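To start, the structure itself, in structure tokens.
The values are calculated or read from the model by the stated rules, or taken from the named source; none is laboratory data. Fair warning: this is a prediction, and the values are worked out from it, not measured in the lab. So basically every Cβ, Gly included, is an ideal-geometry build from the backbone, and we count neighbours across all protein chains shown. Just the protein is used for accessible areas: all its heavy atoms, side chains included, with ligands, DNA and RNA removed. Shrake-Rupley method; radii C 1.70, N 1.55, O 1.52, S 1.80 Å.
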Amino acid sequence: MQFDLSMVSDPQYWDTISRLLIPAIGQTFYMAIVSTLMAYVIGMPLGVILVISSPGHILPNPWVERTLGTVVNIFRSAPFIILLVALIPLTRALVGTSIGTTAAIVPLVISAAPFVARMVESSLKEVPYGVIEAALSMGASPWQIIRKVLLPEAKAPLILGIAITTISVIGYTAMAGAVGGGGLGAVAIQYGYNRFRTDIMIFTVVILILIVQGIQSFGTQLARKISHH
């Protein structure tokens, strides 16, 4: 069924739109939030290791830094849509299926974790080394420096990094919809593109823009407030 302007005045039209979009919005948030959280569980330690193992830092180890950096770069350079297909066997082994919102979380996490690692690395490198030297002079251990100096001092850029990562993951969820991942991307492709429903395509694009703008604004304001404190 193609879109007709006369349909806008029909309550049944809006009922159909809401039944399509509301569950899709929930699926998009589910994939984005869970994937971002899991990506940070994996990516934050990797980012910390990349920083502290770099030359001149608290635990310099060129071999660890180069090896880990290479692995991170390999996964970062893989286009998500290719990674999505390549990881189907792993996704099926972990969650029992390669289709659906839960299945999409596996490639989302694997794709986002290296991005998180580089975001964390960039944030922690903004911490002045003089602060770290002061902690070292007081006898702080590497773990204490990480927990009480590096992470607290980098709170504002880390929060901005979370917002940027979440936005990137939302973009990935739209691509996951192309292979049965669910969410707004699936609605846009199945109903907007395949059925030539321009109205549904516009709705999904506008909703995604609003979500992204909301996350970016919230992250920016929170980071600004923390940096002022």
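Got a sec? Which of I200, I226 is closer than 20 Å to F29 by Cβ, in contact (Cβ under 8 Å) with a residue 40 or more places away in the chain, in contact with a helix residue (DSSP H, G or I) (Cβ under 9 Å, 6 or more places away or on another chain) and open to solvent by less than 70 Å² (accessible area, probe 1.4 Å)?
I200
So S77 clears everything in (1) farther than 22 Å from G180 by Cα; (2) of a type outside the set (A, V, I, L, M); (3) open to solvent by less than 50 Å² (accessible area, probe 1.4 Å) except one condition, right? Which one?
S77 satisfies every listed condition except (3).
Condition first: β-branched (V, I, T), more than 18 Å from the chain's Cα centre (by Cα) and crowded, with 22+ Cβ neighbours inside 10 Å. Now tell me which residues in the stretch 165-195 satisfy that.
Selection gives V187 alone.
Answer yes or no as to whether A86 is touching a Leu at 6+ places or on another chain (Cβ under 9 Å) and either exposed (fewer than 15 other Cβ atoms within 10 Å of the Cβ) or in contact (Cβ under 8 Å) with a residue 24 or more places away in the chain (or both).
No, not satisfied.
Restricting the search to the stretch 33-57, which residues are open to solvent by 60 Å² or more (accessible area, probe 1.4 Å) and in a helix (DSSP H, G or I)?
Result: I33, L37, M38, V41, I42, P45, I49.
Taking the residues in the stretch 96-153 that are among the hydroxyl-bearing types (S, T, Y) and crowded, with 18+ Cβ neighbours inside 10 Å as candidates, determine which candidate is farthest from A24 (Cα to Cα).
The extreme case among them is S123.
Take the stretch 44-53 and flag every residue that is touching a residue at least 24 places away in the same chain (Cβ under 8 Å) and either at positive phi or small (G, A, S) (or both).
Scanning the stretch 44-53 gives a single hit, G47.
Can you tell me which residues in the stretch 189-224 are assigned to a loop (DSSP other than H, G, I, E, B) and aromatic (F, W, Y)?
Listed by number, the list holds a single entry, F196.
Could you give me the residue pairs with C-beta distances under 7 Å whose first residue belongs to the stretch 58-74 and is open to solvent by 70 Å² or more (accessible area, probe 1.4 Å), whose second residue is of a type outside the set (S, T, Y) and in a helix (DSSP H, G or I) wherever it lies, and which are 6+ apart or on separate chains?
L59/I52; L59/P142
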